[in-house]
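Structure record follows, encoded as structure tokens.
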Amino acid sequence: MQNLAKMKDILFILLVTGVFTLISNLAGGHIKTIGEPSIGVLILVAISALGALLSMLPGFKKLPMVFWVSLIAVVVSLPQFPGSDVLLSYTKQVNFLAITTPILAYGGLCLGKDLEAFRQLSWRIVPVALAVAAGSFLCATFLAEIMLHLEGIF
């Protein structure tokens, strides 16, 4: 019963994020109409909801929700997955940079809610954040270089 209430909350948050994503895409001029891009956003919401649901199942709780969402997203975007070309054609219409607006808003709300915990971290959070950002950038660059070389593009 508790998982059902949690899943309802997650689905509500995902739908609100989807609406904000469409608004951000419209405001940024990335899309002209909300018809087909809204299908792409709904696909992204469905993938995220499936990952959230999977992470709540008893045998899958050991790994974080973001792992399951990412795994599902990778699997459905593989060329071998039936209908992946249709899914990709819709999700390509969504500008993913516009999604950062609602995500950063949620991050700010979460930070504001736990301001006392943030104060306890003080200056120590700065080097950790810089190390995480640098590591993520370097790892992504390294993987991109490998993939570009494997594809013969670079």
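Of all trypsin sites (Lys or Arg not before Pro) in region 59-154, which ones are in loop regions per DSSP and have a Cβ with at most 16 other Cβ atoms within 10 Å? Within region 59-154, the qualifying trypsin sites (Lys or Arg not before Pro) (loop, at most 16 other Cβ atoms within 10 Å) are Lys61, Lys62, Lys92.
What residue among Phe137, Phe60, Phe12 has the largest mean-square fluctuation in a Gaussian network model of the chain, using Cα springs under 10 Å? Highest fluctuation of the listed residues: Phe137.
Spacing of the modelled spin labels on Leu50 and Gln120, each 7 Å from Cα toward Cβ, amounts to 3.9 nm.
Viscosity 1.567 mPa s, temperature 4 °C: what is the translational diffusion coefficient of region 1-137 from Stokes-Einstein with a Kirkwood Rh over Cα pairs, rounded to a whole number of µm²/s? Present the calculation step by step, with values, prior to reporting the outcome.
On the way: Rh = 17.0 Å.
The calculation lands on 76 µm²/s.
For a Förster distance of 41 Å, can you work out the FRET efficiency between the beta-carbons of Phe12 and Ser84, rounded to the nearest 0.05? Don't skip to the end; give the middle numbers.
On the way: r = 28 Å, r/R0 = 0.68.
Efficiency at R0 = 41 Å is approximately 0.90.
The fraction of accessible area contributed by carbon and sulfur in the chain is 76 percent, rounded to a whole number (1.4 Å probe; ligands and nucleic acids excluded).
Would you work out which of Ile13, Ala27, Leu97 lies farthest towards the positive end of the dipole of the chain, given +1 charges on the beta-carbon of Lys and Arg and -1 on that of Asp and Glu, about the Cα centre? Of the candidates, Ile13 comes out farthest on the positive side.
The values are calculated or read from the model by the stated rules, or taken from the named source; none is laboratory data. Owing to the predicted nature of the structure, the values given are computational and were not obtained by experimental measurement. For neighbour counting, all protein chains shown are included, and Cβ atoms are generated from backbone atoms with ideal geometry for every residue, glycine included. Remember, those area values only see protein heavy atoms, side chains included, never the ligands or the DNA or RNA. Shrake-Rupley method; radii C 1.70, N 1.55, O 1.52, S 1.80 Å.
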